[in-house]
2 protein chains.
Amino acid sequence: MTPRRSLPGRPRHIPATSAKAPRDQVLDAAAELFVTRGFAATSTREIAERVGIRQASLYYHFAGKDEILAELLQRSVRPTVDKIAKIEALVPPQTHATALYLLALIDIRTLTEAPHNVGILYGQSDVTNSEVYAEFHRARQELVDAYGRLGLKSASPDIAADTDARELGEMLMHSIEVVTEIRNGGKTVTPQRANRIAATALRMCDVPQETIATAASTAAGLLAEFHHVGSTW
Amino acid sequence: MTPRRSLPGRPRHIPATSAKAPRDQVLDAAAELFVTRGFAATSTREIAERVGIRQASLYYHFAGKDEILAELLQRSVRPTVDKIAKIEALVPPQTHATALYLLALIDIRTLTEAPHNVGILYGQSDVTNSEVYAEFHRARQELVDAYGRLGLKSASPDIAADTDARELGEMLMHSIEVVTEIRNGGKTVTPQRANRIAATALRMCDVPQETIATAASTAAGLLAEFHHVGSTW
């Protein structure tokens, strides 16, 4: 029988494998403060205090508050953007609606599992055009473009003829971001609800119900290929 | 010939008819500061300074910062909510899709013309469950319910059977709120774009294209009945 390694009298000991790296602890604490109090009202001193480190140590990891926000925002889009190529490669040829459905589902999961609902921080004008956010804006635009491209290919011909890909992409992506509002209202985004949101996105492109049903069942089978650590669905 | 009333040497004189009431000046200044800097980072002293009044005078109009935000948020939903009954009364009987289209169009116009894009302030967790915001939350819920009710009545039978009215209402309303994001990106919401957004909302309910086309032309004719002061479309 293996002896238990944790000893009495050391209640604060956390096994190294489950302890978060200091950088991640800073991100966690900052996310919570930004979301509950607002970005402008939060100082790096308060973030450091929350983590239990000195402000100087925080600056070892991040140049400032904007750099922290930029990384948090990246974490609300990057996990999805990084999967676009794989999504398009894995779905059967010419089943753009299935690719769109799968993209929506993965994006919903990213937003559902982002710590402290950081997706909500986007759209606050604090996210300026400063160079700090340039990489985030590029990643977000890549996602808008993927939504627009797959949406246009999935759309019925008369919708497609009258639609600008980027405008459609913005509408699709915004409709998926209802997830941040659901979380903000204290509700849970279940896989069932995620599927209803994804199906609604496809209807926005005038995809017929039978095609949506096929897309949903194919996407459900492929989702396992995109498992990410700590995901509950 | 009527003599001109404005005298040289009084360049700051503004005719009483065009000058905004002090209460509205406070709302204007606060909206701009909340949107550009964030609610938490703005003080009533700064708002008063921006208007050019003393802080004590500001408190004559508003009990505090939350009361100002609550009224600004009301102005992003109230003009639409107040028209729900009239919308449902004016459209031809049983044309729920037309009512939904008209509601969407009027809501888009409200969000497009709200000063300083105040619609964007919703969803920031500053809008707490405090009693100050109760009236706003009730108005917003009324709008969600109207979207859900009209959306469910417009939907095809198999969508309707599988849909919760409140969930559909939230998705429809959220999709319309893409307007705040378009404005935040510095772009203009033209009447053409407004019509594309409204049509997309109807597609979310699986409304057939021909019905959407009829709804669009009927709604365009009825929109004049809802003209509001200062509207550009």
In the set B:THR98, B:THR36, B:THR110, B:THR42, the lone residue that is crowded, with 22+ Cβ neighbours inside 10 Å, within 14 Å of chain A (Cβ to nearest Cβ) and at negative phi is B:THR42
Which one of the conditions (1) facing chain B (nearest Cβ under 9 Å); (2) more than 15 Å from B:GLU177 (Cβ to Cβ); (3) aliphatic (A, V, I, L, M) does A:LEU202 fail to meet, given that it meets all the rest? (1)
I'd like the full set of residues that are without any contact (Cβ under 8 Å) to a residue 40 or more places away in the chain and either surrounded by 19 or more Cβ atoms within 10 Å (Cβ to Cβ) or basic (Lys, Arg) (or both), limited to segment A:136-151. A:ARG138, A:VAL144, A:GLY148, A:ARG149
Does B:THR95 satisfy the condition of being within 19 Å of B:ARG138 (Cα to Cα) and among the hydroxyl-bearing types (Ser, Thr, Tyr)? no
Of the residues in segment A:23-33, those that are within 11 Å of chain B (Cβ to nearest Cβ) and of a type outside the set (A, V, I, L, M, F, W, C) number 1
Based on this model, can you work out whether A:GLU177 counts as over 17 Å from the mean Cα position of the chain (by Cα) and of a type outside the set (S, T, N, Q)? no
Given (1) surrounded by 18 or more Cβ atoms within 10 Å (Cβ to Cβ); (2) within 19 Å of A:ARG183 (Cβ to Cβ); (3) not aliphatic (A, V, I, L, M), number of the condition B:ASP164 does not satisfy: (1)
Name the pairs whose Cβ atoms lie under 8 Å apart, with the first residue in segment A:38-52 and farther than 18 Å from A:LEU121 by Cα, the second of a type in the set (Val, Ile, Thr), and 6 or more positions between them or separate chains? A:ALA48/A:VAL26; A:VAL51/A:VAL26
For segment A:166-175, what are the residues that are more than 10 Å from chain B (Cβ to nearest Cβ) and under 17 Å from A:TYR101 (Cα atoms)? A:GLY169
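Residues are listed down the side, and each one gets a yes or a no for (1) within 18 Å of B:LEU202 (Cβ to Cβ); (2) modelled with pLDDT under 95; (3) outside the structural domain of A:THR36 (by TED's automatic domain parsing):
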site	(1), (2), (3)
A:TYR147	no, no, yes
A:LEU150	no, no, yes
A:ASP162	yes, yes, yes
A:ILE182	no, yes, yes
A:ARG196	yes, no, yes
For a quick check of your reading of the model, give me the residue pairs whose first member lies in segment A:187-198 and is among the charged types (D, E, K, R), whose second is buried (at least 18 other Cβ atoms within 10 Å of the Cβ) and not in a helix (DSSP H, G or I), with beta-carbon atoms closer than 8 Å and at least 6 apart or on different chains. A:ARG196/B:THR163
Among the listed residues A:ALA216, A:ALA224, which satisfies the condition of being more than 11 Å from every other protein chain (Cβ to nearest Cβ) and either of a type outside the set (A, V, I, L, M, F, W, C) or surrounded by fewer than 17 Cβ atoms within 10 Å (Cβ to Cβ) (or both)? A:ALA224
Given the conditions (1) in contact with a Ser or Thr (Cβ under 9 Å, 6 or more places away or on another chain); (2) over 24 Å from B:THR180 (Cα atoms); (3) at pLDDT 95 or above, report the number of the one that B:ALA85 does not fulfil. (1)
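The values are calculated or read from the model by the stated rules, or taken from the named source; none is laboratory data. Keep in mind it's a predicted model, so treat the numbers as computed, not measured. Note that we place each Cβ from the backbone using ideal geometry, even for glycine, and neighbour counts take in every protein chain shown.
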